[in-house]
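The values are calculated or read from the model by the stated rules, or taken from the named source; none is laboratory data. Just so it is clear, the structure is predicted and the values come from calculations on it, not from any experiment. Don't worry about glycine lacking a Cβ; one is built from the backbone with ideal geometry, like all the others, and counts go over all protein chains shown. To get the accessible areas, we keep the full protein, side chains included, count just its heavy atoms, and leave off ligands, DNA and RNA. Shrake-Rupley method; radii C 1.70, N 1.55, O 1.52, S 1.80 Å.
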Amino acid sequence: MNAALAHDDVQLLHAALDELSAAVEGEDHDLTQRLMDTYDGQVRAWLDGDQGQIDAGSLHGLIARQQQLSIRMAARRDEAGEHLTADRRAVRASLAYLRAESLA
């Protein structure tokens, strides 16, 4: 495989990460899952097809972007978890007030 084609492949993978990042920020969970699956397949095909031909710098750049996106996704997950916990607390408090009111 020539270097130009490998570079084009890397650019396509970066574009796929851009699209995935936009889906994460847009909180489109179904699209995010589909894009993650597609991206995973693209990376696997790229690695399988270019054994020994992959530029280390390109691979490091791609991995760095993946890690940044993974960190952002984990932060979004944690934020959602905090909201769920706060919602559960609010529901429990509301139920406690209703019980107390019915006892009064």
Which pairs turn up if I take residues in region 74-88 that are open to solvent by less than 80 Å² (accessible area, probe 1.4 Å) and look for partners that are not polar (S, T, N, Q) with beta carbon separation below 7 Å, at least 6 apart in sequence or on another chain?
Arg76/Val24
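Hey, can you tell me all the residues within region 48-61 that are under 20 Å from the mean Cα position of the chain (by Cα) and either open to solvent by 50 Å² or more (accessible area, probe 1.4 Å) or at positive phi (or both)?
Within region 48-61, the first condition is being under 20 Å from the mean Cα position of the chain (by Cα), and the residues that meet it are 59-61.
Within region 48-61, Leu59, His60 qualify.
With aliphatic (A, V, I, L, M), assigned to a helix (DSSP H, G or I) and open to solvent by less than 60 Å² (accessible area, probe 1.4 Å) as the only criterion, which of Ala64, Ala45, Ala22 stands out?
Numbers: Ala45 fails: open to solvent by less than 60 Å² (accessible area, probe 1.4 Å); Ala22 fails: open to solvent by less than 60 Å² (accessible area, probe 1.4 Å).
Residue meeting the stated conditions: Ala64.
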